[in-house]
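Input: a single structure, listed below in structure tokens.
The values are calculated or read from the model by the stated rules, or taken from the named source; none is laboratory data. Keep in mind that this is a model prediction, so the values were computed, not measured. Reconstructed Cβ throughout: ideal geometry from the backbone, glycine too, with neighbour counts over all protein chains shown.
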Amino acid sequence: MDLTLSPEQDAVRKAVKEWVDDVVVPPSLQNDREERFPQEALDGLRETGFIGMTISEEYGGGGADPLSYVLLIEELGRGDANVRSIVSVHLGLCAGSIDRWGTPEQKQQWLPQMATGEVLGCFGLTEPDFGSNPADLQSTAVKQADGGYVLNGTKIFITNGNIAGVTLFMARTGGSGARGVSAFLVPNDSPGFESRKIKGKLGLRSCDTAELILRDVKVGPEALLGGEEGKGIRVALTALNDGRMSLGASCTGLAQAALDSMVSYTKDRHQFGKPIAGHQLVQELIADTAVEVDCARLLTWRVADLKTRGEDYSLAASKAKYYASEASVRAANNCVQAHGGYGYIDEYPAGKYLRDARVTTLYEGTSQIQKLIIGRALTGISAF
Ligand code: TGC
Ligand code: FAD
């Protein structure tokens with residue numbers, strides 16, 4: 001299923017697909033078994049420039065349009081969701097926020113290094129006691145006489161947290177609720193900044209997930225993103241519009257991988273004297289998945305189209321994220337089913353697809369939160 005792509009977008013898609021098949025897919029199962037970080041993929045993302053694809057050209061990035069970014073992320077999601085998460089947190093959530101809200105000095109300080117991947121970014125919103133409701137977060141930023149701040153607080157489940165050079169850190173500068181939160185750009189090597197690896201994840205076993213603990217971390221006034229207090233939740237939720245578009249793309253890619261794997265396996269595997277692909281109920285698994293892949297892709301490409309046209313894409317992003325994440329779990333589950341017992345061992349990727357898909361209905365706003373966002377937009381009544 002395809003809509004018409006421009007020649008440039010088509011070229012991006014082909015180049016990324018080829019690179020993903022060469023570099024990302026081959027070590028992905030072994031990396032998952034060993035919980036090994038996909039270093040070759042990260043090196044390759046730097047060499048190809050994919051790591052800075054959407055950063056403005058004036059800061060050394062690729063200046064890519066939203067649909068090209070979606071194509072990149074979909075292919076990465078097809079190859080290995082671990083690699084996808086490194087990129088979309090670095091680019092979409094962190095660099096994207098600096099590009100959108102940063103002062104000229106902040107852009108100059110961070111974006112050139114992020115465009116090459118020399119510095120990776122992470123996104124510090126979730127806290128141990130505040131996940132779905134970040135407006136109540138408790139990390140603090142206390143203003144000092146010199147205009148700088150002292151930061152304290154703990155962030156949990158932070159993708160790239162141990163490998164990033166800069167954290168977009170949301171902390172309370174004063175007052176309760178969303179308006180009391182501000183966004184800071186904090187170097188991860190600051191004195192008092194500690195990161196701890198989170199182990200034992202159900203899926204996404206080879207990418208980095210961290211707990212970040214900040215104890216009296218001192219930053220100058222230049223660390224306040226955009227130079228304005230009280231914008232932290234808005235900064236975060238705006239970034240998450242892009243994050244949700246990206247997750248729609250990643251889940252489309254994962255569901256496509258599950259579909260490809262099912263088609264290939266069921267044509268080879270024989271039972272009752274014929275390929276299992278010849279049994280109608282097996283074809284049902286394939287057909288259901290194929291339709292869901294198309295739906296997920298169309299919903300996600302629509303978000304990119306709205307963004308390209310400068311229209312509000314937040315509602316469309318929530319719909320795409322909600323649908324594609326749930327669809328990717330169903331696709332991966334169908335893939336396991338079509339593989340029979342072989343779907344339950346790690347010789348085939350089916351089990352990895354299911355474990356990697358599972359988190360996508362949880363992060364970047366759970367499915368329940370997406371449904372409440374959609375319901376609020378349609379009715380004008382907030383259930384929060
Ligand atoms: P609310 O009162 O509605 O709004 C607060 C301020 O934000 C503005 N705003 C938005 N701006 C842009 N886009 C949107 N979609 C926006 N939604 C709200 C709003 O205008 C307001 O601005 P201002 O200037 O008036 O102050 O906020 P709320 O507290 O009612 O929001 C509720 C809710 C539940 C929708 C929100 O808190 C939410 O989305 N919660 C989910 C949290 C979440 O998604 N966390 C994700 C963490 S990051 C992550 O998971 C990365 S995973 C890594 C990977 O992908 O690999
Ligand atoms: P909770 O908010 O406690 O929710 C628990 C359950 O209650 C969910 O089912 C939820 O849907 C439901 N619930 C909560 N409120 C409501 C309501 N009002 N109505 C109905 N149901 C409700 N965060 C970051 O900031 N940066 C990252 O890079 C990042 N990466 C992550 C990587 C991984 C691998 C994981 C697992 C998480 C990551 N997160 C990150 C955190 C993620 O965004 C949160 O886990 C998610 O937002 C949910 O928050 P919570 O875990 O506190 O769950």
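What's the number of the condition residue 195 fails, among (1) among the polar types (S, T, N, Q); (2) touching a residue at least 40 places away in the same chain (Cβ under 8 Å); (3) assigned to a strand (DSSP E or B)?
Checking residue 195 against (1) among the polar types (S, T, N, Q); (2) touching a residue at least 40 places away in the same chain (Cβ under 8 Å); (3) assigned to a strand (DSSP E or B), the one that fails is (2).
Specify which of the listed residues (159, 126) is more than 21 Å from residue 249 (Cβ to Cβ), within 14 Å of ligand 1 (Cβ to nearest atom), of a type in the set (S, T, N, Q) and buried (at least 17 other Cβ atoms within 10 Å of the Cβ).
On the way: 159 fails: more than 21 Å from residue 249 (Cβ to Cβ).
It is 126.
Taking the stretch 305-335 on its own, how many of its residues are buried (at least 24 other Cβ atoms within 10 Å of the Cβ) and either of a type in the set (S, T, N, Q) or outside the structural domain of residue 368 (by TED's automatic domain parsing) (or both)?
Within the stretch 305-335, residues that are buried (at least 24 other Cβ atoms within 10 Å of the Cβ) and either of a type in the set (S, T, N, Q) or outside the structural domain of residue 368 (by TED's automatic domain parsing) (or both) number 4.
Take the conditions more than 16 Å from ligand 2 (Cβ to nearest atom), touching a Pro at 6+ places or on another chain (Cβ under 8 Å) and within 22 Å of residue 351 (Cβ to Cβ) and apply them to residue 257. Does it pass?
yes
From (1) in contact (Cβ under 8 Å) with a residue 40 or more places away in the chain; (2) within 13 Å of ligand 2 (Cβ to nearest atom), pick out the condition that doesn't hold for residue 178.
For residue 178, the failing item is (2).
Looking only at the stretch 214-224, how many residues end up being outside any helix (DSSP H, G or I), away from ligand 2 (no atom under 15 Å from the Cβ) and among the hydrophobic types (A, V, I, L, M, F, W, C)?
Residues flagged as outside any helix (DSSP H, G or I), away from ligand 2 (no atom under 15 Å from the Cβ) and among the hydrophobic types (A, V, I, L, M, F, W, C) within the stretch 214-224 amount to 3.
Going by what's in this entry, would residue 205 be described as under 24 Å from residue 177 (Cβ atoms) and surrounded by fewer than 24 Cβ atoms within 10 Å (Cβ to Cβ)?
It is false that residue 205 is under 24 Å from residue 177 (Cβ atoms) and surrounded by fewer than 24 Cβ atoms within 10 Å (Cβ to Cβ).
Hey, does the stretch 101-119 have a residue that's surrounded by fewer than 20 Cβ atoms within 10 Å (Cβ to Cβ), at pLDDT 95 or above, within 15 Å of ligand 1 (Cβ to nearest atom) and under 23 Å from residue 221 (Cα atoms)?
no
Can you tell me which residue among 383, 357 is at negative phi and assigned to a helix (DSSP H, G or I)?
357
If you check residue 64 against the conditions, is it outside the structural domain of residue 307 (by TED's automatic domain parsing), among the small types (Gly, Ala, Ser) and crowded, with 22+ Cβ neighbours inside 10 Å?
So residue 64 fits the description; yes.
How many residues does the stretch 225-250 hold that are within 14 Å of ligand 2 (Cβ to nearest atom), under 18 Å from residue 310 (Cα atoms) and not hydroxyl-bearing (Ser, Thr, Tyr)?
7
Please enumerate the residues belonging to the stretch 341-357 that are touching a residue at least 24 places away in the same chain (Cβ under 8 Å) and more than 16 Å from residue 328 (Cα to Cα).
Within the stretch 341-357, 342, 346, 348 qualify.
Tell me which residues, restricted to the stretch 267-289, are in contact with a helix residue (DSSP H, G or I) (Cβ under 6 Å, 6 or more places away or on another chain) and either in a helix (DSSP H, G or I) or of a type in the set (Ser, Thr, Tyr) (or both).
267, 276, 277, 282, 285, 286, 289
Taking residue 375, is it away from ligand 2 (no atom under 16 Å from the Cβ), surrounded by fewer than 15 Cβ atoms within 10 Å (Cβ to Cβ), in a helix (DSSP H, G or I) and not aliphatic (A, V, I, L, M)?
Working: away from ligand 2 (no atom under 16 Å from the Cβ): no; surrounded by fewer than 15 Cβ atoms within 10 Å (Cβ to Cβ): yes; in a helix (DSSP H, G or I): yes; not aliphatic (A, V, I, L, M): yes.
Here the answer is no, as residue 375 does not meet what is asked.
Since residue 348 meets every condition but one in (1) of a type in the set (Phe, Trp, Tyr); (2) within 16 Å of ligand 2 (Cβ to nearest atom); (3) outside any helix (DSSP H, G or I), which condition does it not meet?
(2)
Just checking, does the stretch 225-245 include any residue being over 23 Å from residue 109 (Cβ atoms), of a type outside the set (Val, Ile, Thr) and assigned to a strand (DSSP E or B)?
No, the conditions are met nowhere in the stretch 225-245.
Out of 303, 336, 293, which single residue is more than 20 Å from the chain's Cα centre (by Cα), in a helix (DSSP H, G or I) and among the hydrophobic types (A, V, I, L, M, F, W, C)?
Among 303, 336, 293, only 336 is more than 20 Å from the chain's Cα centre (by Cα), in a helix (DSSP H, G or I) and among the hydrophobic types (A, V, I, L, M, F, W, C).
Can you pull out every residue in the stretch 204-213 that is within 9 Å of ligand 2 (Cβ to nearest atom) and either more than 17 Å from the chain's Cα centre (by Cα) or outside any strand (DSSP E or B) (or both)?
Correct list: 204, 207.
Of all residues in the stretch 358-377, how many are more than 12 Å from ligand 1 (Cβ to nearest atom) and within 12 Å of the chain's Cα centre (by Cα)?
So the first thing to find is which residues in the stretch 358-377 are more than 12 Å from ligand 1 (Cβ to nearest atom), and the list is 358.
Add one more test, that the residue is within 12 Å of the chain's Cα centre (by Cα), and what stays is none.
Number satisfying all stated conditions: 0.
If I filter the stretch 213-234 down to residues being more than 13 Å from ligand 1 (Cβ to nearest atom) and buried (at least 18 other Cβ atoms within 10 Å of the Cβ), which single residue comes out as nearest to residue 93 (Cα to Cα)?
225
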